[in-house]
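Visitor: Before anything else, here's the structure in question.
What follows is calculated from the coordinates using simple rules that are stated; it is not laboratory data. Worth saying up front: this structure is predicted, and the values here are computed from it rather than measured. FYI the Cβ positions are ideal-geometry reconstructions off the backbone, even for glycines, and counts take in every protein chain you see.
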Amino acid sequence: MLTNSSKDESQTDPLSEMLRGLRLDGVEYGRFRMKAPWGLSFPAQDAARFHFVAEQGCWLLTPGKEWIRFQPGDALLLPRGVEHALASAPDTETIPFCRCSFMKVCENVFETSGGGAGDETLLFSGSMTFNVDPLHPLLRMMPELMQVHQAAINEPGIPDLLKTMGCEVAMDRVGSGGILARLADVVAASLIRSWVERGCGDASGWIAAARDPEIGRVLAAIHLNPSADWSIEALAKTMRGSRSAFAERFTRVVGETPARYVAQVRMHHARQWLTRDKARIGVVAQRLGYDSEASFSRAFKRIMGVPPSHFRTDTETADDANRIRAVD
């Protein structure tokens, strides 16, 4: 008979564990009713973006300038917000979507319509800010485009989620913004899961790591507890393999050495603590287990390209200096 802890460990899939640490800090949600001919271009942005085609098909212009057909029920997630365009037909003239006439429904929610006099396409779109930046290793491993065919069939909850989001918009009740963000969390996680299960045939990078139960378990452990002392031995134990077998397999699947990947995750968390939480450099260094602020600063600059002081404001730096002088 399994104990509760053993049961939980054996039944937890790595993808769920990785997505636990990937949440949304903000969502801008919109509905587009576009009549052919129409074309909208979306510039590159730091935030992620998703599209769901509810009625009538359309075409996607990828960053590689390739037109791809989108059918009703298809969905698209762009984890790093790369430049792209949507149109009623290939080579249709596009305009920046920001030039559309928007009607604000409530906070961070809008509706728009436009185009000609032809068939109408209904799109649900969202701009989503993850709690990590686009260069975070977890997002960087994802492809630029995560296209999900027949999302309405393979993920039947998505249309219901979008309908619920629409109801929240229509009621305009207190707390709607927070509820929309949580619903969008589920939409994003559902699209990622569906893409991993049914996505492209590329068996490397993100999809390989997410599908590999052992490497996936290691990635999940790193992201859930970046401050831990992740030695090669500790990581190999998490994978339940030998040290040499683990290192070779991790590098082959993920594309980077375990030490490099752990360092990247840790320093991206450090940058969050510095910028979002306004933590002092010394506090961050201690939190990550460094013996000194200087050794942490060297490691940070090696990974991020700039010292941690780069993310402190002049006022904060001056306050730190005054505190040091006061102690002296």
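Visitor: Return a yes/no flag: does the range 63-80 have any residue that is more than 23 Å from Ala188 (Cα to Cα), part of a loop (DSSP other than H, G, I, E, B) and not basic (Lys, Arg).
Guide: Yes - at least one qualifying residue is present in the range 63-80.
Visitor: Quick one: is Pro37 within 21 Å of the chain's Cα centre (by Cα) and part of a loop (DSSP other than H, G, I, E, B)?
Guide: Criteria not met by Pro37.
Visitor: Could we say that Thr112 is in contact (Cβ under 8 Å) with a residue 40 or more places away in the chain and part of a strand (DSSP E or B) here?
Guide: Yes: the conditions hold for Thr112.
Visitor: Follow-up. Only one of Phe97, Phe70 is surrounded by 14 or more Cβ atoms within 10 Å (Cβ to Cβ), within 23 Å of the chain's Cα centre (by Cα) and farther than 14 Å from Met146 by Cα. Can you tell me which?
Guide: Exactly one residue qualifies, and that residue is Phe97.
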